[in-house]
Amino acid sequence: MHLAVVACGERLEETVTMFKSAVLFSFKCLHLHIFAEDQLHARFMEALESWPGFIRSRFNYTVYPIRFPSENAAEWKKLFKPCASQRLFLPLILKDIESLVYVDSDILFLQPVDRLWDFLSRFDSAQLAAMAPEHEEPRIAWYSRFARHPFYGRTGINSGVMLMNLTRMRSMFFKNDMTSVGLRWEELLMPLLQKYKLNITWGDQDLLNIIFHYNPELLLEFPCQWNYRPDHCIYGSNCASAEDNGIYILHGNRGVYHDHKQPAFKSVYEAIRKYSFGADPVSSLLAPLEEQLLKTTHTYCGKSHALFTKALVHSLAGINGKAVRLR
């Protein structure tokens, strides 16, 4: 399984914690594709190589420089957040990779990556990407209220967790509102940016929304429990799939892992960050997390604290199962 992330600025520890959650719970071997600024390369390698051997056997990794088309590199790099639009160019850079999971650095896996990877088998003959909706309720969704450009579906899509069939993305001709003929991925991106750059707020995510607005048949939606953000609980719970089965992937956007605005999100991040590989996952991760979550019930997200551990319990049981098999 291939997992890609882009890390610029002060994102090293956050990214390493994301990798920790991915490697900890997954069953198949992972190949980590790390796109990072040059000064972070050695630090990523040092962090990952410091993990114990039994963990290192579960993954390998490649570190890449940040790469944008040379004629517009500065414009792409500063779009929205530093380097965030690198994800748009993964099909053109990773030419030998068929499919991958792209995630933002502020993602935490609470279920094995394998379960997200399985969505690839649900793609029909046309679909080439999968994402979760930006919101579940159009009346309070950002895109349906404020967007000044076309967007996917009723509420738009969030690109923080994205499953990509790169082979199909490279070969597809995409419908668009700039020409009557379809354009390949590499032909589409810059004209799209030039047309909409004064009307987009969320950078590359907005460009993806425009693309899939005109090509909705190419996208598979997965439920919000696979990309659970503060928006899903900050004003009351509004992610039905998480209510039913728990949170599978936690997305701590808006910096909530590092401030005190959403302590439930920060509690999960800190529990995984502090966990030591090989320690008992129940007493060393789950128990202290549950204790911290009980201190967050003064917030709406904290009131839904059971959702943060509902799926995690099963993942931690899987860790013990892997340990038994390794012995």
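The values are calculated or read from the model by the stated rules, or taken from the named source; none is laboratory data. Values in this document were obtained by computation on a predicted structure and should not be read as measured data. Cβ sites come from the backbone with ideal geometry, for glycine too, and all protein chains shown count toward neighbours.
Below are the figures for this structure:
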item: Some residue of segment 255-267 being in contact with a Leu (Cβ under 9 Å, 6 or more places away or on another chain), among the small types (Gly, Ala, Ser), part of a helix (DSSP H, G or I) and modelled with pLDDT of 95 or more; result: yes
item: Residue, farthest from the chain's Cα centre (by Cα), within segment 34-91, restricted to residues that are under 30 Å from TYR196 (Cβ atoms) and loosely packed, with under 13 Cβ neighbours inside 10 Å; result: GLU71
item: Condition met for LEU198 (within 20 Å of LEU128 (Cβ to Cβ), without any contact (Cβ under 8 Å) to a residue 24 or more places away in the chain and not β-branched (Val, Ile, Thr)); result: no
item: One residue from ARG58, ARG87, ARG43 being touching a strand residue (DSSP E or B) at 6+ places or on another chain (Cβ under 8 Å), over 30 Å from LEU188 (Cα atoms) and not hydrophobic (A, V, I, L, M, F, W, C); result: ARG58
item: Filter pass, ASN245 being surrounded by 16 or more Cβ atoms within 10 Å (Cβ to Cβ) and in contact (Cβ under 8 Å) with a residue 60 or more places away in the chain; result: no
item: Residues of segment 20-43 classified as touching a helix residue (DSSP H, G or I) at 6+ places or on another chain (Cβ under 7 Å) and closer than 22 Å to PHE89 by Cα, total; result: 6
item: Filtered residue count, segment 132-182, keeping only those that are on the phi < 0 side of the Ramachandran plot, of a type outside the set (Asp, Glu) and assigned to a loop (DSSP other than H, G, I, E, B); result: 19
item: Helices (runs of 4 or more DSSP H) enclosed by segment 276-327 - at least 1 residues per element that are loosely packed, with under 13 Cβ neighbours inside 10 Å and at pLDDT below 90; result: 312-326
item: Selection count where residues are touching a strand residue (DSSP E or B) at 6+ places or on another chain (Cβ under 7 Å), among the polar types (S, T, N, Q) and under 21 Å from PHE123 (Cβ atoms), scope segment 207-253; result: 3
